[in-house]
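Structure first, commentary second.
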Amino acid sequence: MNNLTQDVPESDSTIACHGCDLLISLPELDYGQTASCPRCNHLITRRLLGAHNKILALSISSFIFLIFALPFPFLYFSNQGKDYVISFADSIFNMVLMDYFSIAILLFFTTLLIPAICLLSLIYVLVSLQQKRLLPYTQPLLQSVFFLIDWNMAEIFLVATLISFIKISSLATVTLGLSFWSYVFFIICLVAGLSLLDRYQIWRKVKIHER
Amino acid sequence: MKDNHRDNAEHNHQYGCPVCLTLNDMSNPKCRTCHRHLHLINSNSIQHTIALLITSVLLYIPANFLPIMYTNWLGQETASTILGGVVSLWEPGTYPIAVVIFVASILVPIGKILALSWLCLSVTVKKTDSRRINLKLYKITELIGRWSMVDVFAVAILASLIQMGKVMSVYPGMAAVAFAGMVITTMLAAMSFDPRLMWANQVHQFENEK
């Protein structure tokens, strides 16, 4: 009887569109189907076969590539018989040495710490979803992924590296090091993994596990 | 086409969590799925966006007029601004990079500030005929905003790589800090703008009529 007086059914498949706040009752999606808002065309969710397993695999490999990007030379640079080498961390440390703490902090957070936290949280959450019961702190960690992911600028650092590579190559011989290639693969895996991540689908899985 | 404010979650005293999309009752202080604190849609969102936009415009002035990079070449020091950097890349013929830097550090920030001002304006004057295009504009603004940082990062990489004493060395300038601040404030402005306000317009009108 309650349904007659209430406009909106209180079921979990009813959501509010993130673009225009329209109430939508989502049908059960098949694999490969997408749902978008009838009023503002905002893409609401996409269900893909095995998306969460793929994200887990990509996150783990991305994190391994990130670790390998740290110790080895990032760029070699030789001029008049002298060789200069910088590692990924040097680009941050040298900013500190030049008293540009703000840029150093920005680089450290957006290209290293935030992607690393996001990857570790994603791995934890996805492992937790494969258990029978959710591991502790699953919800806050997943929430932090969605909060931090907007501040990830790792791929921008990669483009900036390529730009400075071309800028210097007219002055001296520059070679890309092992760390650089590892960083490239880190970004490929990161971007591929994040493109599969869907808010609605992953939180729905969390909700199902909570019961 | 469904275009009735009565179908809005806000009108039904419900609120969709922005993190997990769960529909919550407006009286709930926290989302029932992800336990996030819920902030309801309010018109303060526009004020925050405008305040952050003004900050970014102010930061954009020193970012363009102060040097972003000092180059020390055989004892001679030259300072270059953002626009000067684009010109110095254009002249030797490295057009693609000049275009990338020009788009990322001049076109995108200006376009972003204009787009967000337009969106704030169209919400305040309750303009309703181009809401779908406006939403697309908002999404594009949100997506490309980060890419302006490319120039700051390139300066940081060049400065840490080229340190050969008097032969050649590169140092960052204060414009890099101002520009980074500008990018961050425009990103915050885009995040604080709530596109749902474009469809909530009618709700306020409706309540005023009562």
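Values in this text are rule-based calculations from the coordinates and carry no lab data. Since we're looking at a predicted model, the values are computed, not measured. When we count neighbours, we look across all protein chains shown, and the Cβ atoms used for this are built from the backbone with ideal geometry, even at glycine.
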Evaluate peptide A:89-96: per residue, the Cβ atoms of other protein chains within 10 Å of its Cβ; return the mean as an integer.
4
Do the sum for chain B: with -39,500 (n - 2.57) for every DSSP H run of n ≥ 4, divided by all residues, what is the mean residue ellipticity at 222 nm, to the nearest 500 deg cm²/dmol?
-17500 deg cm²/dmol
Partner lysines whose C-alpha sits under 29 Å from that of B:Lys30, ignoring same-chain residues fewer than 8 away, are A:Lys132, A:Lys205, A:Lys207, B:Lys139
By counting other Cβ atoms within 10 Å of each Cβ, how are A:Val85, A:Val125 ranked from fewest to most?
A:Val85, A:Val125
May I have the convex hull volume per residue, in Å³, for the Cα set of segment B:1-40?
65
Could you list B:Val19, A:Val127 so that the one with the fewest beta carbons within 10 Å of its beta carbon is first and the one with the most is last?
A:Val127, B:Val19
Partners for A:Lys167 among lysines (Cα-Cα distance below 28 Å; same-chain residues under 8 apart left out):
A:Lys82, B:Lys112, B:Lys166
What FRET efficiency comes out for B:Ser117 versus B:Val167 if R0 is 56 angstrom and r is the Cβ-Cβ distance? Round to the nearest 0.05.
0.75
Cβ crowding within 10 Å averaged over residues, with A:143-154, B:154-165 ranked highest first:
B:154-165, A:143-154
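Just the Kirkwood number for chain A, please: inverse of mean 1/r across all distinct Cα pairs, in Å, one decimal.
For chain A, inverting the mean 1/r across all distinct Cα pairs yields 20.0 Å.
Considering every residue in A:152-165, what mean count of other chain Cβ atoms within 10 Å of its Cβ is obtained?
If you average over the peptide's residues, the count of other-chain Cβ atoms is 6.
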Comparing A:Leu158, A:Leu29, A:Leu112 in a Gaussian network model of chain A (Cα, 10 Å), the one with the largest mean-square fluctuation is A:Leu29
Between A:Gln131, A:Gln201, A:Gln139, find the one with the highest GNM mean-square fluctuation for chain A; connect C-alpha pairs within less than 10 Å.
A:Gln131
Just how far, in whole angstrom, is segment A:172-201 from segment B:50-120 if you go by their alpha carbon centroids?
26
If you check each cysteine of chain A for another cysteine whose beta-carbon is under 4.7 Å away, which ones come up empty?
A:Cys118, A:Cys189
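Taking only the Cα atoms of the protein assembly as shown, how large is their convex hull per residue, in Å³?
Numbers: hull volume 67.4 nm³, N = 421.
Dividing the Cα hull volume of the protein assembly as shown by its residues yields 160 Å³.
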Give the average over all directions of the projected area of the C-alpha convex hull of segment B:43-209, one decimal, in nm².
10.7
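Count charges around A:Thr138 for me, please; just the other residues with Cβ under 11 Å from its Cβ, Lys/Arg as +1, Asp/Glu as -1.
Spelling it out: positives minus negatives among the neighbours equals +1.
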Sort B:70-80, B:96-106, A:93-103 by packing, meaning the average of other beta carbons within 10 Å per residue, with the highest value first.
B:96-106, A:93-103, B:70-80
Between B:Met198, B:Met174, B:Met182, find the one with the highest GNM mean-square fluctuation for chain B; connect C-alpha pairs within less than 10 Å.
B:Met174
